[in-house]
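Report on one structure; see the data block that follows.
No value in this document is a laboratory result; all are computed from the given coordinates. Predicted model only: the values in this text are computed from it and were never measured. Positions of Cβ are backbone-derived with ideal geometry, glycine not excepted, and every protein chain shown enters the neighbour counts.
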Amino acid sequence: MQTWWSMKWKEVKTSRQSYAMLAPYMILFSVFTVLPVLISIVLSFTYFNMLEFPKFIGWQNYTRLFLEDDVFLIAMKNTLLFAVITGPVSYMACFVFAWIINELSPKLRAFMTLVFYAPSISGNVFFIWLMIFSGDRYGIMNGMLMKLGILLEPIQWLKTEAYILPIIILVQLWLSLGTGFLAFIAGLQTVDRTLYEAGAVDGIRNRWQELWFITLPSMRPQLMFGAVIQITTAFAVADVSIALAGFPSVNNAAATIVTHLMDFGTTRYEMGYASSIATVLFLIMVGANLLVQKLLRKVGE
């Protein structure tokens, strides 16, 4: 053990400049990310109402969560459905559009990147979709369908349980070309062009083989970063749900784990119970990330 520690200490001394430069980030990351996660996990085993000192209650919060909280079960079903649909679809869309745009001339590429990225940073995006799915006859969707004779009366799109979740999924897919999309654009720009020439000599004959054996393996870091971003976005959905369907939504049709967390954390101030919800979400995200890492290791094989 002493030998191992001495080797590690020698390595730290040799690379002390690198560790010194990393130290500010690691300190901030530990204080504002790692420590809050650990505190949340500890609080999930307590009753804590923000007024009294936390009281240890063991697994009661988790028992209540899975056996007594019907809204949480609805929220988990909605979140998993949302993640299974929007996560892979938006991830593939980000890469496909980035791949296509990367083939354009530099000026056109910059313009198209802005066009595709703009919806994800637009402040009025929800207002636009509220106009489209307005429940009166002046709503864009209702007006168009009534003009075509498909509808006789307007539909309350965002007040009808059957339509709420599909609309939210549609809007989130439209917003999905965000940070991951930019990461893919950057990754495609860094691929060494000489690899394609070497690949042609080794027997690669078409663009699909180039993509699988050269492009994707060359941008594994960007693929991993994009996957983490898409997983986080898919499981942490809340803003779209609240903006379009309200909080709470009709029969909790748009409830997600994050909106349920916000209900108990910022409205009811049951911080112990809210921490148990956050811990479950954290474990789901970690599991999804590990699965994606395992799948990405097979790229190019």
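Things worth noting here:
- Sorted ascending by nearby beta carbons within 10 Å, beginning with the fewest, W212, W9 become W9, W212.
- Under a 5 Å amide H cut-off, with hydrogens placed 1.01 Å from N, Y47 pairs with K55, F56, I57 among residues at least 5 apart or on other chains.
- Exposure proxy ranking for F282, F97, F184, based on other Cβ atoms within 10 angstrom of each Cβ and starting from the fewest, stands as F282, F97, F184.
- Label reach from W99 (point 7 Å along Cα→C-beta): in the range 189-225, amide nitrogens under 12 Å belong to 207-217.
- Residues of type lysines that K77 reaches as a straight line, Cα spacing below 20 Å, ignoring anything fewer than 8 places off in the same chain: K159
- Site pair E153 and L211 shows an inter-label distance of 4.7 nm when each label is modelled 7 Å from Cα along Cα→Cβ.
- Applying both filters, DSSP loop and at most 14 other Cβ atoms within 10 Å, to the trypsin sites (Lys or Arg not before Pro) of the range 50-159 gives R137.
- The calculated FRET efficiency for M144 paired with T266, based on their beta-carbon distance and R0 = 35 Å, is about 0.40.
- Comparing Cα centroids, the range 1-78 and the range 197-263 end up 25 angstrom apart.
- Legend: calculated FRET efficiency, T190 to E68, from the Cβ-Cβ distance at R0 = 45 Å, rounded to 0.05, equals 0.30.
- Directionally averaged projected area (convex hull, Cα atoms, the range 62-296), nm²: 16.4
- Chain lengthening between K55 and L35 when straightened (0.36 nm per residue, less Cα-Cα): 5.2 nm
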